[in-house]
Amino acid sequence: MKKDKLTSKGSSLFIFILVLLLFLFCTFWGFKGFEISGYKFKNFNDSIQKGLDLQGGVSVLQEIVDENITKETLQNTRELLSLRVNKFGLSEPVVTIEGSNRIRIDLAGEFDSNDIVKTLTSTGQLNFKNEEGNVLLTGNDVKNATAVLTQDGKAIIQLKFTDEGTKKFAEATGNNINKTIEISMDDQVLTKPVVNTQITDGEAIIEGSMSFEEANKIASIIQSGALPVTLKTISVNKVGPTLGAESLPNTIKSGLIGFIFILIIMFIRYRFPGILSVFSLAIYMILFLFVFALIGAVLTLPGIAGILLTLGMAIDSNILIFERIREELKKGKSVKISIKIGFDKAMNSILDSNITTIIAGLVLYFIGTGSVKGFATTLLIGIVLSMFSSIVITRFLIELFYNMGLRSKRSYGFNENEHKKSEGVIIDEHNEKV
């Protein structure tokens, strides 16, 4: 039995050292980054996209000058503008509708504002031309264009044509077998596929040695085609990173101060488990930033507020768990049993409070736009990971340290003598009941 205990203690210590080393490695990776054999592991600063308020950029307000604009036309125009700004290499441009006929485009980063306005307001003439330069079809003949991966991993572009476009494409492919048909936007060649056979069903694919990103970009430009309305530029504002430059350092500083206060309070109140809960919070933060970078989300100031909010919710869950453990210890149960019952009893309260917040976050995400959507994104990611941090990581660490010998009730912030005094039991100098 004694040998088993020693083995368990040694194994737990070994596992904890592995966890600690993994945490330190991920922290170094996240904040410093490194390069191995030419492959660069980017740090958070390089891999997480920052919003307009944090890194500056260009904000353009466009107005539709046509009359009788329907909601559907306004929405379609917004989608087309989103596709066009993707040509600048942005994955998350913020394109929002303002009022009944205006659309605002916020682009984070350094761009030529004149180039952006020209791209947004150009008619976007999409042409299919034969080798002699004659126009065979236009963007109006294209119904849909999407990029997909085949079963063998090749990127292709699928095209669907309108009824009129189907007739024109059948004639064009019939007359140009073994020749190229050039597809261009504003005289800029997008692709030049070779016609292998006549296509009469209105559906075609473009294949070649291109990556999925290239195929997706070409498909997006073909899909965007010509704008259905006339746009007028109302304002072009270059936004400097002043707000982010001032607010971000202060936000990080206040977050660190809050983190230290949490560490002190949790240690005073819950002793060693309090420290472990702060360690699990640190793991939570690293996990959060990795997930944020992985999904390509855009970090904004409201998003940072969402992160700090979920940090508070994570520590709230830990407090719920530790209070339940203390209640069981007061009942005279062993530390091992108290830990198990404490986590089980706190589970319902943690799930209830977090699920209601998840519902609110989902509503904000699907109805909100711009910074509201960014806040909802960070809130949803944060809630899921904070629950994982409290329920899984904190429990794993506490059980690990219990196996390593942390079995005294005092280690869990429970003083048996003080508890007996509070219950009216007199204790003599030999720690015996009187």
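The values are calculated or read from the model by the stated rules, or taken from the named source; none is laboratory data. Just so you know, these numbers come straight off a predicted model, no measurement behind them. Every residue, glycine among them, receives a Cβ derived from its backbone with ideal geometry; neighbour counts consider all protein chains shown. The accessibility values were calculated without ligands, DNA or RNA, using every heavy atom of the protein model including side chains. Shrake-Rupley method; radii C 1.70, N 1.55, O 1.52, S 1.80 Å.
Scan the range 1-23 and report the pairs whose first residue is within 10 Å of Leu400 (Cβ to Cβ) and whose second residue is at pLDDT below 85, with Cβ atoms within less than 9 Å and a gap of 6+ or a chain change.
Ser12/Gly405
In the range 317-340, what residues are open to solvent by 30 Å² or more (accessible area, probe 1.4 Å) and among the polar types (S, T, N, Q)?
Scanning the range 317-340 gives a single hit, Ser334.
State all residues of the range 203-228 that are in contact with a helix residue (DSSP H, G or I) (Cβ under 6 Å, 6 or more places away or on another chain) and modelled with pLDDT of 75 or more; if no residue qualifies, say none.
none
Is it the case that Arg410 is at pLDDT 75 or above and within 16 Å of Ser334 (Cα to Cα)?
yes
Mind listing just one residue for me: the one in the range 357-382 that is over 22 Å from Leu281 (Cβ atoms) and polar (S, T, N, Q) and, of those, most open to solvent (accessible area, probe 1.4 Å)?
Thr369
Is it the case that Val425 is at pLDDT 90 or above, open to solvent by 20 Å² or more (accessible area, probe 1.4 Å) and out of contact with any helix residue (DSSP H, G or I) (no Cβ under 8 Å at 6 or more places or on another chain)?
So Val425 fails the test.
Please specify each residue of the range 27-64 satisfying the condition of being among the hydrophobic types (A, V, I, L, M, F, W, C), open to solvent by 30 Å² or more (accessible area, probe 1.4 Å) and touching a helix residue (DSSP H, G or I) at 6+ places or on another chain (Cβ under 7 Å).
Within the range 27-64, Phe31, Phe41 qualify.
Would you check which residues across the range 257-280 are more than 16 Å from Ser389 (Cα to Cα) and more than 30 Å from the chain's Cα centre (by Cα) and list them?
Passing the criteria: Ile264, Ile265, Phe267, Ile268, Arg269, Tyr270, Arg271, Phe272.
Can you go through Val194, Val239 and tell me which one is open to solvent by less than 70 Å² (accessible area, probe 1.4 Å) and either farther than 30 Å from Leu301 by Cα or at pLDDT 70 or above (or both)?
Val239
Condition (residue is out of contact with any helix residue (DSSP H, G or I) (no Cβ under 6 Å at 6 or more places or on another chain), surrounded by fewer than 17 Cβ atoms within 10 Å (Cβ to Cβ), part of a helix (DSSP H, G or I) and at pLDDT 85 or above) applied to the range 297-312: is it met by at least one residue?
no
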